[in-house]
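The values are calculated or read from the model by the stated rules, or taken from the named source; none is laboratory data. None of these values were measured; they are calculated from a predicted model. Cβ coordinates were reconstructed from backbone atoms using ideal geometry, including for glycine residues, and neighbour counts include every protein chain displayed. For accessibility, only protein heavy atoms count, side chains too; no ligands or nucleic acids. Shrake-Rupley method; radii C 1.70, N 1.55, O 1.52, S 1.80 Å.
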Amino acid sequence: MSQLRIAVLDATHQDEHTRRNFRRELDGSLSEFDVTDGSLPDHFEFDGAVVTGSRSSVYWDEEWIESTKAWISAAIDRGMPCFGICWGHQLLADVLGGTVEDMGSYEVGYSDIERTDRDSTSRLLEGVSERFLAFTSHSDAVTELPPGATSLATNDYSNHGFRKGRVFGVQFHPEYDPVTARDLVHSKNLSDERLASVLDEITEENYRAAAQAKLVFENFLAFVRETTAGDVSVEANGDRPSATGRSD
């Protein structure tokens, strides 16, 4: 089977860990674009697209953000499966008509998250426990889901996952390893007490416990394979693709 062609839209302002993390988690032929520097694909010949986190806010008036939104909007219109993480989650929600706002607080560290899709099997969170652990870092949040979107996960801070058709987003960071997490925390303006508290959470034990959240990558790529193979049909607001049946 040929490798999936995945466009990775890197909004991290050249964070040194991003390529390592996404190359580890995404099993495919990756085309990487530094969207903060104005680099975007000049075509849509990909099987799927992934949008990373960022230290920017999706509602800022910056040319590269508007250009990224425009490309993603066109990709969605073409039926391309898209997956956003943290800032990418917020950008996809914004493009689809949702609302992203400053929370007035900052969630950082390993957090407990609860699935909200338990009455309908979510493609993205298959195999993930009803309550799971994941690393988080955000002060903006999706405060209103796009019209017709399905909530997948939440905690006391915010929505942590949604789906609309072929578009998926998660607020947490399934790609983070302990090195990334420690560097991120040191870069933030935290009080000494909170810095020490969050650093104390970044242990191998918590990293292993949070590894279950990495299933979102495998599940998204499986969805992309099914979509490109024509094995599924996806309703615009459906939560799960349904088999179409093929005659070979």
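Counting only heavy atoms of the protein chains, get the accessible area per residue of the chain (1.4 Å probe) and round it to a whole Å² value. Mind dumping the intermediate values first?
On the way: 11280 Å² over 248 residues.
Per residue, the chain has 45 Å² of solvent-accessible surface.
Using 7 Å Cα-to-Cβ label points, what is the ASP77/TRP60 separation (nm, one decimal)?
2.7 nm
Label-point separation (nm) for GLU144 and GLU130, each offset 7 Å from Cα along Cα-to-Cβ?
Spacing of the two 7 Å Cα→Cβ label points: 3.2 nm.
With unit charges on the beta carbon (Lys/Arg positive, Asp/Glu negative), name the residue among TRP71, HIS173, THR227 whose Cα is farthest towards the positive pole of the charge dipole of the chain.
Checking the options against the dipole of the chain, the answer is THR227.
To the nearest 20 Debye, how big is the dipole of segment 5-234 about its Cα centre, given +1 on the beta carbon of each Lys and Arg and -1 on that of each Asp and Glu?
Numbers: 21 positive and 41 negative charges, 130 e Å.
The calculation lands at about 620 debye.
Note down the net charge around ARG19, summing +1 for each Lys or Arg and -1 for each Asp or Glu among other residues with Cβ under 12 Å from its Cβ.
Details: positive: ARG20, ARG23, ARG24; negative: ASP10, ASP15, GLU16, GLU25, GLU32, ASP34, GLU175.
My count for the surroundings of ARG19 gives -4.
Based on the mean of other Cβ atoms within 10 Å per residue, sort peptides 78-87, 92-101, 124-133 so the most packed one is first.
Numbers: 78-87: 22.7, 92-101: 20.1, 124-133: 17.1.
Per-residue Cβ counts within 10 Å, averaged per peptide and sorted highest first, yield 78-87, 92-101, 124-133.
Tell me, what is a quarter of the convex hull surface for the C-alpha atoms of the chain, in nm² with one decimal?
Values: hull surface 53.0 nm².
Mean projected area for the chain: 13.3 nm², to one decimal.
By the scheme Lys and Arg +1, Asp and Glu -1, what is the net charge of all other residues having a beta-carbon under 12 Å from that of LEU145?
On the way: positive: ARG163, LYS164; negative: ASP94, GLU144.
Taking every Cβ under 12 Å from that of LEU145, the sum is 0.
With label points built 7 Å along Cα→Cβ from the Cα atoms of TYR106 and ASP183, find their separation and express it in nm.
1.9 nm
State the extension gain, in nm to one decimal, for the chain segment bounded by GLU32 and GLU45, taking 0.36 nm per residue of separation less the distance between their alpha-carbons.
On the way: separation 13, 0.36 × 13 = 4.68 nm, distance 1.37 nm.
That pair, GLU32 and GLU45, stretches by 3.3 nm at full extension.
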